[in-house]
Amino acid sequence: MNLFLSPVATLGRNTIAALAMLGRVTLFMLSAFSHILRPPFYPRELFQALLQVGWLSLPVVGLTAIFTGGALALQIYSGGARFNAEAVVPQIVAIGMVRELGPVLVGLMIAARVTSSIAAEIATMKVTEQIDALTTLSTHPMKYLVAPRVLAALVTVPILVGIGDIIGILGGYTVAVQNLGFNAATYMQNTVNFLEARDIISSLVKGGVFGVIAALMGCYYGMDSGRGAQGVGRATKGSVQAAAVLILAANFVLTGVFFSI
Amino acid sequence: MIELSDVHKAFGDNHVLRGVNLSIPKGTSMVIIGGSGTGKSVALKCILGLIRPDSGLITLDGKDVTKGDRDAFLARFGMLFQGGALFDSLPVWQNVAFRLLRGSLKRPKDEAREIAIEKLRRVGLTPDQADKLPAELSGGMQKRVGLARAIAAEPEIIFFDEPTTGLDPIMSGVINELIREIVVEMGATAMTITHDMTSVRAIADNVAMLHGGKIRWTGPVAEMDASGDPYLEQFITGSADGPIEAVR
């Protein structure tokens, strides 16, 4: 009997734990947004977060996009050749980068770079009692630490996605023109003519959602961290895992939503 | 006057506080002693609202600390944390002037910096330390910066959590002396947590011993050595033999 019930009990416990965590994360998110909207505001912290999340992520976003765009052009050319459709490279690179790969890859890069950094920083602050110190100094940690980071991600990640989309398309363009014999002007014209406003809007909306997920997961796991170096390590690992999975899940949901509109 | 009445706090199965009753009269220095893990820091954090007690009442000047304007309540406190808890990303002077650069006590930046430098001088640090980052300072200097931060806004009540832990005896003596001087000159109410009996004798007007989640003994520091309480005697002498188990 126990042998039969044990896996069911484990499944039940894990389900309850997962639902409880979902509830905690939801409350955390609502609290973060309420602190973004209510004064006092901390412009210095916001500026630093904009710099950290946005500006300093540009190199990794640019490199990821350019290599992905180049590889995408090669793959489409090679795959398209099987049914004489090599000419669609500009269109597929554009739509692939803007609708899907641009936002997802930028989101995952932000999860790797920013989520981990936020989680490690806040978790270390918690372990060293800096969060308690903030509270005793009449400063709400959600307002001082979480709100600026989430707002910065909400603002900068769509911009990064837009830049990533452009660089990715340029990567595909460079490979197509230099290696695959495409005409430069025709390639660009095909790309521009094919993209619709809704493609670009969906890309930027995804960027905003992924940015919020990345920053929230970093902040949540950091604030929820356990004691010592192990606690900081777990918080960092957990935040990146959660952010990556949630970004991919949100991408699926948002893609479905945009297709249905 | 700070009063704790029948305060309980448990973390899972671990009942840390089991009915703490304690009064700290205004303008006096209370030192709480007790073994590691007896809940001294938990009691302190309950007063500040950093931890919510499971039951019991904590009042400040007769008012429940969990009710009323939280910012106004916290503005009355300064706290020196065990590890300093300085903000790594801010230079020393901004750590000290943190409260003066934002919120209800906000001052112009130049004025806040002046006050920070004056407080740094008060704790024996020169102005050239003001622009350094906390990581560039020694442990003793970080403690002093923490102390300067605790007194920067001239609070009515100051908490000191293990102020001499990790410091050499000379630096411990300096910190103890500073705490005593500052508390006396500011007329502040002070609550200190420590294991260090030298600190107790240097800082305390009154002493309370926390053991088994309750206040085991409390009284003036002058009466501590003649208390007749076997737990307190064992703690003062640091003996392995006595009612407090050496291996916990």
Exercise. Mind checking which of A:Ala120, A:Ala65, A:Ala176 has the largest fluctuation in a GNM of chain A, springs on alpha carbons under 10 Å?
Worked result: A:Ala176
For this session: Show which aspartates and glutamates lie in cross-link reach of A:Lys126 when reach means a straight Cα distance below 17 angstrom and same-chain residues fewer than eight apart are skipped.
Result: A:Asp224, B:Asp88, B:Asp161
For this session: Rank these for me by crowding, A:Phe194, B:Phe77, going from fewest to most other beta carbons within 10 Å.
Result: A:Phe194, B:Phe77
Exercise. Can you run phi through the Karplus equation (6.51, -1.76, 1.60; θ = phi - 60°) for segment B:105-116 and list ³J(HN,Hα) in whole Hz, with x for Gly and Pro?
Worked result: 9, 4, 10, x, 4, 4, 5, 4, 5, 4, 4, 4
Exercise. Which residue, chosen from A:Ser78, A:Phe4, A:Val88, occupies the Cα position most advanced towards the positive end of the dipole of chain A, where the dipole is computed from +1 (Lys, Arg) and -1 (Asp, Glu) charges on Cβ about the Cα centre?
Worked result: A:Phe4
Problem set entry | Contour excess over end-to-end distance, with Cα ends at B:Asp128 and B:Glu223 and 0.36 nm allotted per residue | 29.8 nm
For this session: Pop out the ³J(HN,Hα) list for segment B:82-99 in order, Karplus 6.51 cos²θ - 1.76 cosθ + 1.60 with θ = phi - 60°, rounded to Hz; leave Gly and Pro as x.
Result: 3, x, x, 6, 7, 7, 4, 7, 10, x, 3, 5, 6, 4, 5, 8, 3, 6
Exercise. Using a Gaussian network for chain B with springs between C-alpha atoms less than 10 Å apart, which of these wobbles most: B:Leu137, B:Leu210, B:Leu147?
Worked result: B:Leu137
Problem set entry | Label-point gap, in nm, between A:Ile201 and A:Leu254 - each point 7 angstrom along Cα→Cβ | 1.5
For this session: Would you mind ranking B:His195, B:His211 by Cβ crowding within 10 Å, fewest neighbours first?
Result: B:His195, B:His211
For this session: Please go through segment A:161-261 and write out the trypsin sites (Lys or Arg not before Pro) that DSSP classes as loop and that have at most 16 other C-beta atoms within 10 Å.
Result: A:Arg227
Seminar exercise, completed: In terms of the alpha carbon gyration tensor, root eigenvalues a ≥ b ≥ c, rounded if a/c is under 1.5 and otherwise prolate when a/b exceeds b/c or oblate, segment A:1-90 is oblate
Problem set entry | Cα lying deepest toward the dipole's positive end in segment A:166-249, options A:Gly238, A:Ala249, A:Gly211, charges on Cβ | A:Gly238
Problem set entry | Extended-chain gain in nm, criterion 0.36 nm per residue less alpha-carbon gap, A:Ser31 and A:Asn84 | 13.6 nm
Problem set entry | Size of electric dipole in the protein assembly as shown: Cβ of Lys, Arg +1 and of Asp, Glu -1, about Cα centre, debye, nearest 20 | 1180
For this session: Amide H neighbours of B:Ile158 under 5 Å, at least 5 residues apart or on other chains, H built in the peptide plane: list them.
Result: B:Gly78, B:Thr189, B:Ala190, B:Met191
For this session: Read phi for every residue in segment B:25-37 and hand back ³J(HN,Hα) as whole Hz from Karplus 6.51 cos²θ - 1.76 cosθ + 1.60, θ = phi - 60°, with x for Gly and Pro.
Result: x, 4, x, 10, 10, 9, 10, 9, 10, x, x, 5, x
For this session: Straight distance only, please: which aspartates and glutamates reach the Cα of B:Lys106 with their own Cα at less than 16 Å, same-chain residues fewer than 8 apart left out?
Result: B:Asp71, B:Glu114, B:Glu154
Exercise. Are there GluC sites (Glu not before Pro) in segment A:1-102 that DSSP puts in a loop and that have at most 14 other Cβ atoms within 10 Å, and which ones?
Worked result: none
Seminar exercise, completed: Taking every residue of A:122-134, the Cβ atoms of other protein chains inside 10 Å of its Cβ average out to 5
Problem set entry | Residue with peak Gaussian network fluctuation, chain B [Cα springs, cutoff 10 Å], from B:Phe81, B:Phe98, B:Phe73 | B:Phe73
Exercise. Of all DSSP beta bridges in the protein assembly as shown, what percent run antiparallel (nearest 5)?
Worked result: 55
Exercise. Would you list B:Glu233, B:Glu181 from fewest to most Cβ contacts within 10 Å?
Worked result: B:Glu181, B:Glu233
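The numbers here are math on the coordinates, done by the rules we state, and not lab data. None of the values given here were measured: they were computed from a predicted structure. Counting neighbours? That spans all protein chains shown, and the Cβs are built from the backbone with ideal geometry, glycine included.
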